[in-house]
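Comments concern the structure below.
FYI, it's all coordinate maths here, none of it is from the lab. The model shown is predicted, which means the values in this text are computed figures rather than measured ones. Cβ placement follows ideal geometry from the backbone for every residue including glycine, while neighbour counts extend to all protein chains displayed.
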Amino acid sequence: MSPKTIYDKIWDAHLAHEAEDGTCLLYIDRHLVHEVTSPQAFEGLRMTGRTVRAPGKTIAVPDHNVPTTPGRDDPKNMTEDSAVQVAALDKNARDFGIHYYPVSDIRQGIVHIVGPEQGWTLPGMTVVCGDSHTATHGAFGALAHGIGTSEVEHVLATQTLIQKKSKNMKVEITGKLRPGVTAKDITLSVIGETGTAGGTGYVIEYCGEAIRDLSMEGRMTVCNMAIEGGARAGLIAPDEKTFEYVKGRPHAPKGAQWEAALTWWKTLFTDESAHFDKVVTIKGEDIAPVVTWGTSPEDVLPITAKVPSADDFTGGKVDAAQRSLDYMGLTPGTPLSEVKIDTVFIGSCTNGRIEDLRAAAAILKGKKIKDGMRAMVVPGSGLVRAQAEEEGLAQIFLDAGFEWRLAGCSMCLAMNPDQLAPGERCAATSNRNFEGRQGRGGRTHLMSPAMAAAAAVTGHLTDVREMM
Amino acid sequence: MEKFNKLTGIAAPLPLINIDTDMIIPKQFLKTIKRSGLGANLFDEMRFTQDGQEIEGFVLNQPAYREAQIIVAGDNFGCGSSREHAPWALLDFGIRCVISTSFADIFFNNCFKNGILPIALPKEAVDILMKDAEKGANARIEVDLEAQTVTSSDGEVFAFEVDAFKKHCMLNGLDDIGLTMEKAASIDAFEAQAETARPWV
């Protein structure tokens, strides 16, 4: 047998049908659903008299739209259109008999945090969701990616997706990270190197010592942003850390099934000499704490750098960079560490897990945020929130002057009331710095939770290493 | 889905790279439970001021391009979120074809589900078509899916690649789900085998 990558192995194990022209039906093990990209899909089922083929493998949770302030389980406290979408998800979950975590449930949260937390996401699975950050689940050695609403309907009806296989790409981070450098810095640095289309047509396997050394939370952060590099999915071979994280979770296998699962999971690695179509290698020690300066996730620089000039680029990037600089209100040559910040947002499916809150709280302990700063923490799930309260992290955030919110996507995409005003500049732990992403005219700088916490204290982009 | 065979229309030039789905349809318009009506807000923040006035310089506000059916765009069109609202908004405005050097994966797939043809061509070809598009209503670009060609207003012909299955579905306006359901026996068989091999799933 020819050597296989982990992607090849998961693909082969889920191939339900292959046509002569290579068009495949890939079987889907887990389908995660949220309120924004699913209503039209359920409507499609109703119009055609179709049902959900595997309701037991379908899990729904409202996250994109929901307010993160108290009283939100009363629809009156939501905007009308948001309430309509959440009510539609409620009804669809009930009518079609799928698993559901309503806003009133402590397990509610961002779909990509709830899935792993509840043990729905397991190694070797195929996981899809009508959300591009489904790549997050790749951290478990699962093949996980975002799909559009038509595909959501297709999976609901058939539990399969029509697919052609992607190519294999390896991103290796060798050696150790330096102090103050985190998973977020790894994933942003990779996109800075490959560009936002560098992964188009590929499934990325992240590997190397620096990846192995990451916790499961850190691995989720890395895989989460595979889509920002253009890849269909990003994944990491499972190991003892993965199994340890999964064991005992509500929907993880138990007893003899656990042993059987473990036996298979341990075969999920890339065979020696398996072929990769593209390889990127970065030395862990070369990665610095980074921030984005522009309006594309590829606009990444070390915090010690200066705002670039459009002339530093070539081709179509010259105009794009100038447009970004104008939108961001930045002057070339300004040290990034002198860029003043109005708002800090800690949360999202990229960095809304317990480890992220611990990292931010470690910087904030005993300190206050800068006068006039707006700062909020939005835990990724109700359970993350509860754990942070138990560990005393919530109190550290509150004492520092942060708002302590309820779980949801919040200001990452600003579909709920948490938005930036025009010109407002935000240090954000989320995943996209697109124009208008966090509110029309809002200016987003992406960074790690520790870097965002440091910026909250000083009032400007800050090298977190100076505060450690 | 409406069939796509041949299209001759005005092409709007959008020479920016990395046009993302947040630009195509900003998030405040995703709070709909319908597929229709999104064309009014296509490229909303580039097209309209905050108080809803048209921004004169934006290409789709110029008289020559109000009836555009094709967009010629810079590299990596449609990157970002999986929102199918992006192709829904394009379609609702009247766009049936986007030409670029490259497309983001999810957006690319979403287009085919909605009768929009995304065509990837080499940079030199896109540059020529971009220039052609800049001529406005006087220049009509012809797209022929059956023949897999794009013809500029000067008669220059560019061949493009398209997946055979996707082409078949577009030409015939076929519903994917219906086609997959014809293979129900294969799915049943797979499910039974997988249930034995991986009962914990």
Fraction of the pair-distance distribution of region A:372-446 above 22 Å, Cα-Cα pairs, percent | 25 percent
Most fluctuating residue given options B:ASP51, B:ASP105, B:ASP188, as computed from a GNM of chain B linking Cα atoms under 10 Å | B:ASP188
Name the lysines eligible as straight-distance cross-link partners of A:LYS368: C-alpha to C-alpha under 22 Å, and not fewer than 8 places from it in the same chain.
-> A:LYS340
Can you give me the three principal axis dimensions of region A:1-47 from its C-alpha atoms, in Å, biggest first?
-> 45, 24, 13
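Under the definition of partner shielding as Cβ atoms of other protein chains within 10 Å of a residue Cβ, what is the mean value for peptide A:130-139? All intermediate terms of the calculation are to be shown ahead of the outcome.
Numbers: counts 5, 4, 10, 2, 2, 0, 0, 0, 0, 0.
Mean shielding by partner chains, rounded to a whole number: 2.
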For A:LYS254, counting only lysines whose alpha-carbon sits under 17 Å away and dropping same-chain residues fewer than eight positions off, the answer is A:LYS266
Subtracting the Cα-Cα distance from 0.36 nm times the residue separation, let me have the gained length for B:ALA40 to B:ALA164 in nm, one decimal.
-> 41.3 nm
Taking the protein assembly as shown on its own, what percent of its Cα-Cα pair distances exceed 37 Å?
-> 32 percent
Neighbour-count order for A:LEU398, B:LEU42, fewest beta carbons within 10 angstrom listed first | A:LEU398, B:LEU42
Per residue of B:4-17, what is the mean number of Cβ atoms on other protein chains within 10 angstrom of that residue's Cβ?
-> 1
Low-density loop GluC sites (Glu not before Pro), region A:6-78, at most 14 other Cβ within 10 Å, DSSP non-H/G/I/E/B, are A:GLU20
Too long at a 18 Å Cα-Cα cut-off: which of B:LYS27/B:LYS113; B:LYS3/B:LYS135; B:LYS113/B:LYS166?
-> B:LYS27/B:LYS113; B:LYS3/B:LYS135
Where does each of A:THR182, B:THR32, A:THR350, A:THR51 land when they are ranked from fewest to most other beta-carbon atoms within 10 angstrom?
-> A:THR51, B:THR32, A:THR182, A:THR350
Using θ = phi - 60° and Karplus 6.51 cos²θ - 1.76 cosθ + 1.60, couplings along region A:225-235 (whole Hz; Gly, Pro as x) | 9, 4, 5, 5, x, x, 6, 5, 8, x, 8
Simple spin-label estimate for B:ALA137 and A:LYS306 in nanometres, 7 Å along Cα-Cβ | 4.9 nm
So, for the Cα atoms of region A:284-350, Rg and Dmax in Å stand at 12.8, 35
Let a ≥ b ≥ c be the square roots of the eigenvalues of the Cα gyration tensor of region A:134-256; is it rounded (a/c under 1.5), or, if not, prolate (a/b larger than b/c) or oblate?
-> oblate
What number, rounded to the nearest 500 deg cm²/dmol, is the helix-based mean residue ellipticity at 222 nm of chain A, given -39500 (n - 2.57) per DSSP H run of at least four residues and division by all its residues?
-> -9000 deg cm²/dmol
Where labels lie 7 Å past Cα in the beta-carbon direction, separation of A:SER104 and B:LEU171 in nm = 5.5 nm
Hey, what number do you get for chain B at 222 nm if only DSSP H runs of n ≥ 4 count, each worth -39500 (n - 2.57), divided across all residues, to the nearest 500?
-> -8500 deg cm²/dmol
For A:LYS266 and B:PHE48, extending 7 Å from Cα along the Cα-Cβ vector and measuring point to point gives, in nm, a value of 6.0 nm
Cβ-based net charge around A:GLY248, under 15 Å, with every Lys or Arg adding one and every Asp or Glu removing one | 0
Listed by chain and number, the aspartates and glutamates with an alpha carbon less than 12 angstrom from that of A:LYS76, same-chain partners under 8 positions apart left out, are none
Taking the mean number of other Cβ atoms within 10 Å as a proxy for protection, how do you rank A:71-78, A:95-102 from highest to lowest?
-> A:95-102, A:71-78
Interchain or sequence-distant (5+) residues whose placed amide H lies within less than 5 Å of the amide H of A:CYS207 are A:VAL171, A:GLU172, A:ILE173
Ranked list, fewest to most other Cβ atoms within 10 Å of each Cβ, for A:MET47, B:MET1 | A:MET47, B:MET1
Any trypsin sites (Lys or Arg not before Pro) in region A:151-232 that lie in a DSSP loop and have at most 14 other Cβ atoms within 10 Å would be A:LYS164, A:LYS176
